[in-house]
Amino acid sequence: MIDGAPQNKDFSFLAASFTVFICMLFGANAVAIKISLEGIGVFTTAGIRFGIASVAIFLWARITGRSFEIKKEQILQLFVISIVFTAQLSLFYLGLSKSNASRGTLLVNFQPFFTLFLAHFFIPGDRITQRKIMGILLGFAGVAFVFLEKKGVASDFEVGDVMILAAAFLWSCNAVYTKRIISAFKPFQIALFPMIFSVPFFFLEGVLWDHHMIAFIDSKIIGSMVYQSLVTASFGFVVWNSLLQRYGAVALHSFIFIMPISGVLLGGLILGEPITTNILIAMLLIVAGILMTHVKQKKPIPSLPIGKNI
């Protein structure tokens, strides 16, 4: 056995069910962000979210006796991840402020297709097949239907949509890079250190560019911030990285199709966003593309030592 190679196990029924639940939580996150943006600035929201989350993860790690120790050579790796993480989330929050939750969820879930393309070149043994090409084409078709949807679309929606797609691409870059190095880290470290790094930059962006860092606060906004901070950004990130380390990126991404379904439906139910024919077609195409590329695929056996993911 190669030291440092990912030990990808098969999902049990319980693990699969839990992964479905986690994906539903992540799918609802864009809805929570849109609610918080009603009273808090774009970058201030990100700063508060990841500030609270980093404190929560730090306290949990201290209480449970996790080691914070990292090696000298890991500092640069964490720095790379942190830079991309900060840029990715800045683009996503700014883009979502100009779009809506259902569109944002669909577009950011193009990330698996970007990951497939990048993994072909940077992860040994993970090659693009005809099946994956078909899945990618379905995903592109889904994104096209998002851009075709004009009902209730403001003038700056397309700018926001492009920002969200750029955020998805950066997320993919981080995913592939982290896949190569995560086996040397504790899962919580990959979640915690980029958050700590990013928080000052989010607040600096808030000071520079948020029209009002905090315009008003009510119970709905507080609830949305608690959800973003404690449910997805702390609990969700640590659990996702733990699942990634145990089961691997290929198996885990088989469940990502749940996120766009959850985000679109909750955007309509909670925020009253239009769920039009184009949006439904886009959701079906993106979900079909994800299923085409990930479900019932054999996990690749790496020919060289690699690490792990976000």
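Let me have the 222 nm mean residue ellipticity of the chain computed from DSSP H runs of 4+ only, each contributing -39500 (n - 2.57), with the sum over all residues rounded to the nearest 500. Numbers along the way, then the final one.
Values: 14 runs with 212 residues, N = 310.
Using -39500 (n - 2.57) per qualifying helix, the result is -22500 deg cm²/dmol.
What is the order of 180, 62, fewest Cβ neighbours within 10 Å to most? Show your work: numbers first, answer last.
On the way: 180 21, 62 10.
In increasing order of surrounding Cβ atoms, one gets 62, 180.
Between 101, 87, 167, find the one with the highest GNM mean-square fluctuation for the chain; connect C-alpha pairs within less than 10 Å. The residue that fluctuates most here is 87.
Exposure proxy for 196, 182: other Cβ atoms within 10 Å of each Cβ, ordered fewest to most, give 196, 182. Mean-square fluctuations from a GNM of the chain, with a 10 angstrom spring cutoff on Cα atoms, peak among 270, 40, 281 at 270. Residues whose amide H lies under 5 Å from that of residue 214, counting only those 5 or more places away or on a different chain, are 41; hydrogens are built 1.01 Å from N in the peptide plane.
Cα centroids of the range 112-190 and the range 43-75: 26 Å apart. Taking each residue as 0.36 nm, the span from residue 220 to residue 280 lengthens on full extension beyond its C-alpha to C-alpha distance by 18.8 nm.
Taking amide hydrogens as placed 1.01 Å from N in the peptide plane, the amide H of residue 66 sits under 5 Å from that of no residue at least 5 positions away in sequence or on another chain.
Using only side-chain charges placed at the Cβ, +1 for Lys and Arg and -1 for Asp and Glu, the dipole size of the chain relative to its Cα centre rounds to 940 debye.
With the biggest extent put first, the Cα atoms of the chain measure 54, 45, 34 Å across the principal axes.
Taken together, the values in this text are just the output of simple stated rules run on the coordinates, not laboratory data. Computed from a predicted structure; not experimentally measured. Positions of Cβ are backbone-derived with ideal geometry, glycine not excepted, and every protein chain shown enters the neighbour counts.
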